[in-house]
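Participant: Encoded as structure tokens, here's the structure I'll be asking about.
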Amino acid sequence: MASLAWGNLRSGLVCVIVATVAALTTHIFVQGWTQDIIGPVMQGLVPPKDGYPRVVVVLAYVTALMPTGIVAFVYYWTADRLPIVSRPLRALTVAALLLALKGELLRQPIMNAITYAYVFAKAEVPMPIEAGLLLQADKWAANLMLAFCLVYLCPVREHRAATAGKEIRG
């Protein structure tokens with residue numbers, strides 16, 4: 001029993017670290033890519049072109065461990081309840097749930113499109129609606145990466161119905 005718990009804990013920690021690094025790296029990469037496209041229109045409202053100082057990047061990774069750990073914890077306790085067997089479909093479902101919980105699945109892309117259509121319609125340099133949607137690309141990519149890491153790396157608890165009546169002796 002103790003070795004099973006230690007194995008799950010170790011697997012969970014590895015999952016959290018890998019998922020955090022993968023998701024945040026994806027976010028930074030895609031944000032840099034979208035910055036090249038929408039940067040000239042945003043004029044100073046985007047991250048520095050030459051990147052953040054190393055200490056800011058390190059702190060971003062370190063502080064990202066906590067929310068990723070919480071997501072992995074929730075996934076561990078709920079993944080056995082998902083009715084989807086296919087891992088790619090499970091990852092897409094988890095990504096959609098993560099984005100929906102954060103308001104980034106539909107709400108934020110719609111609000112970006114509406115805001116940019118309204119605000120920038122009168123601006124000297126109009127911003128197309130697509131630019132507002134493109135602002136979400138890094139969040140979608142990062143959450144998709146996080147979901148795939150969760151599905152493929154994180155341990156999942158055994159469903160209680162499968163273990164009912166079975167006593168584990170140490």
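The values are calculated or read from the model by the stated rules, or taken from the named source; none is laboratory data. Note that this is a predicted model, so its numbers are computed, not measured. Neighbour counts run over all protein chains shown; Cβ positions are idealised from the backbone, glycine included.
Participant: I need a count of the residues in segment 16-50 that are under 30 Å from Ala91 (Cβ atoms), modelled with pLDDT under 80 and not in a loop (DSSP other than H, G, I, E, B). If you could, list the steps in order and put the result at the bottom.
Facilitator: Initial filter on segment 16-50 (under 30 Å from Ala91 (Cβ atoms)): 16-38, 46-47.
Now drop any that are not modelled with pLDDT under 80, which leaves 31-38, 46-47.
Restricting the remaining residues to those that are not in a loop (DSSP other than H, G, I, E, B) gives 31-38.
Here the count works out to 8.
Participant: Of the conditions (1) modelled with pLDDT of 75 or more; (2) part of a helix (DSSP H, G or I), Pro155 satisfies every one except a single condition; which number is it?
Facilitator: (2)
Participant: Look at segment 74-91 and say how many of its residues are touching a helix residue (DSSP H, G or I) at 6+ places or on another chain (Cβ under 7 Å), among the aliphatic types (A, V, I, L, M) and in a helix (DSSP H, G or I). Walk me through it before giving the result.
Facilitator: Step one: filter segment 74-91 for residues touching a helix residue (DSSP H, G or I) at 6+ places or on another chain (Cβ under 7 Å), giving 75-76, 82, 84, 87, 90-91.
From what's left, among the aliphatic types (A, V, I, L, M): 82, 84, 91.
Cutting the leftovers down to in a helix (DSSP H, G or I) gives us 91.
Result for segment 74-91: 1.
Participant: Looking only at segment 95-116, decide whether some residue is assigned to a helix (DSSP H, G or I) and touching a residue at least 60 places away in the same chain (Cβ under 8 Å). Don't jump to the end; show me each part of the working.
Facilitator: First, pick out the residues of segment 95-116 that are assigned to a helix (DSSP H, G or I): 95-101, 107-116.
Subset that is touching a residue at least 60 places away in the same chain (Cβ under 8 Å): none.
Looking through segment 95-116, none of the residues is assigned to a helix (DSSP H, G or I) and touching a residue at least 60 places away in the same chain (Cβ under 8 Å).
Participant: Inspect all residues belonging to segment 79-86 and state whether any of them is at pLDDT below 95 and surrounded by 17 or more Cβ atoms within 10 Å (Cβ to Cβ).
Facilitator: yes
Participant: Return the pair list, or none, for Cβ contacts closer than 8 Å from residues in segment 76-91 that are of a type in the set (Phe, Trp, Tyr) to residues that are in a helix (DSSP H, G or I), at least 6 apart or on different chains.
Facilitator: Between residues of segment 76-91 that are of a type in the set (Phe, Trp, Tyr) and residues that are in a helix (DSSP H, G or I), the close pairs are Tyr76/Asn8; Tyr76/Gly12.
Participant: Here is a follow-up. Quick one: would you say Pro53 is at pLDDT below 80 and exposed (fewer than 13 other Cβ atoms within 10 Å of the Cβ)?
Facilitator: It is false that Pro53 is at pLDDT below 80 and exposed (fewer than 13 other Cβ atoms within 10 Å of the Cβ).
Participant: Still on this model: Hey, can you tell me all the residues within segment 56-73 that are surrounded by 15 or more Cβ atoms within 10 Å (Cβ to Cβ) and of a type outside the set (Ser, Thr, Tyr)?
Facilitator: Those that are surrounded by 15 or more Cβ atoms within 10 Å (Cβ to Cβ) and of a type outside the set (Ser, Thr, Tyr): Ala64, Leu65, Gly69, Val71, Ala72.
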